[in-house]
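Asks: This is the structure, below, for whatever I ask next.
Each value in this text was obtained by applying a stated rule to the coordinates, not by laboratory testing. Not measured: the values here are computed from a predicted model. A quick note on method: Cβ atoms are made from the backbone with ideal geometry, for glycine too, and the neighbour counts reach across all protein chains shown.
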Amino acid sequence: MSIEIYINGEFFPKEEAKVSVFDHGLLYGDGVFEGTRAYNGRVFKFDEHIDRLYDSAKAINLTIPMSKEEMKEAHLETLRRNKLTDAYIRTVITRGPGDLGLDPRKCSRPSVIIIADRITLYPQEFYENGLRLITVPTRRNMAETVNPMIKSLNYLNNILAKIEANLAGVPEAIMLNQEGYVAECTGDNIFIIKGKTLLTPASVHGALKGITRGVAMELAARIGLEVREELLTRYDLYVADESFLTGTAAEVIPVVEIDGRKIGTGTPGPYTRQLVKLYREKAMEEGTPIYE
Ligand code: PXG
């Protein structure tokens, strides 16, 4: 059965869901996006994702032509139309159709697109055995260019890093910032555990303030870890006891090797394994009901 896509207040079957070739989202990557998950009939961290979407839009001076409440209802309606209980929701707001110049004032109406589909999960093997990662030459954007806090349609910076990881035969890349400190991965935040301390780069170091990151920090504190945002070098990664990544799609996923160095024992660490499990439990229990 074909899924139905929300575009500007209307629903279209997947094959007919189209935007103009003059849309500045396509012509210039002028727009923002969000990725949200639904588990077990509930949208997880719904307000956090909607708030970040509106913040991303505001940062690029794009006014979303509907209220947050209307936006949430449009998301729920898209899930209901497609009879989804467990889903990945991709929300895209572009500057809208304009002319062939980059001036956003020529775009009269933003395009609002909501795609909800079944989620393709990462192989279970990744969660059991952990990921091997490398640091790559492509550096994270500076806050003065496209600020990494904005989930913009300009992901080429991250895609270049992803290509470097692909070519090296590993599933994710660790990106450093302009000063050579650890920033984040291409679509996930990075954490290390040293002793009883959980460390992760701050957003000023070039990391997106991930929503999964926030949940992992909360859960880590609950299991007795001291949680700190800190400047991290590659050395800190290499000598860590444990490491993991967080993201809406990946959830909490263990890292067992970085640049050829085994992390800890080279298998997912005990705190990490606990966090993988606790995150899943929390995601299955909490959230905004879709069908009530
Ligand atoms: N860093 C970057 C650069 C991201 O794009 C994260 C960290 C993790 O943030 P959240 O809030 O998700 O914990 C992201 C999020 C996809 C996909 O389809 C990408 C993200 C989220 C969901 C899906 O590739 N990126």
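Asks: Among VAL215, VAL21, VAL239, VAL32, rank each residue by its count of other Cβ atoms within 10 Å, from fewest to most, as a rough exposure measure.
Replies: VAL21, VAL239, VAL215, VAL32
Asks: Please express the Cα-Cα pair-distance distribution P(r) of segment 124-284 as a list of whole percents, one per 5 Å bin, running from 0 to the bin with the greatest distance.
Replies: 2, 10, 20, 24, 23, 14, 7, 1
Asks: Along the Cα→Cβ direction, 7 angstrom out, place labels at ASP99 and ASN40. What is the inter-label distance in nm?
Replies: 5.5
Asks: Over segment 133-292, calculate the relative contact order: mean separation of alpha carbon pairs under 8 Å at least 6 apart, over the residue count, as a percent.
Replies: Result for segment 133-292 is 20 percent.
Asks: What do the square roots of 5 times the Cα gyration tensor eigenvalues come to for segment 35-177, in whole Å, largest first, as semi-axes of the equivalent ellipsoid?
Replies: They are 28, 25, 13 Å, listed from largest to smallest.
Asks: Ranking request for peptides 260-266, 169-175: highest mean number of other beta-carbon atoms within 10 Å first, then the rest in descending order.
Replies: Final packing ranking: 169-175, 260-266.
Asks: Just the number: Rg to Rh for segment 4-117, Cα atoms, Kirkwood Rh, two decimals.
Replies: 0.97
Asks: Run the numbers for GLU229 and SER2: contour at 0.36 nm per residue of separation, minus the present Cα-Cα distance, in nm.
Replies: 77.3 nm
Asks: Can you sort CYS185, CYS107 from fewest to most other Cβ atoms within 10 Å of each residue's own Cβ?
Replies: CYS107, CYS185
Asks: Where in segment 177-214 is the amide nitrogen less than 15 Å from a point lying 7 Å along the Cα-to-Cβ axis of ARG222?
Replies: 212-214
Asks: Related question: If you stretched the chain out fully between GLU70 and ASP259, how much longer would it get, using 0.36 nm times the residue separation minus the C-alpha to C-alpha distance?
Replies: 63.5 nm
Asks: On to the next question. Summarise the long-distance tail of P(r) for the chain by giving the % of C-alpha pairs beyond 25 Å.
Replies: 50
Asks: First measure r as the distance between the Cβ atoms of LEU156 and GLU292, then evaluate 1/(1 + (r/R0)^6) with R0 = 30 Å and state the FRET efficiency to the nearest 0.05.
Replies: Here the calculated transfer efficiency is 0.15.
Asks: At a Förster radius of 45 Å, what calculated FRET efficiency corresponds to the Cβ-Cβ distance of ALA59 and ALA168, to the nearest 0.05? Walk me through the intermediate numbers first.
Replies: Numbers: r = 33 Å, r/R0 = 0.72.
So the FRET efficiency works out to roughly 0.90.
Asks: Full-extension gain between LYS14 and TYR238, please, as 0.36 nm times their residue separation minus the C-alpha to C-alpha distance.
Replies: Working it through step by step, the gained length comes to 76.1 nm.
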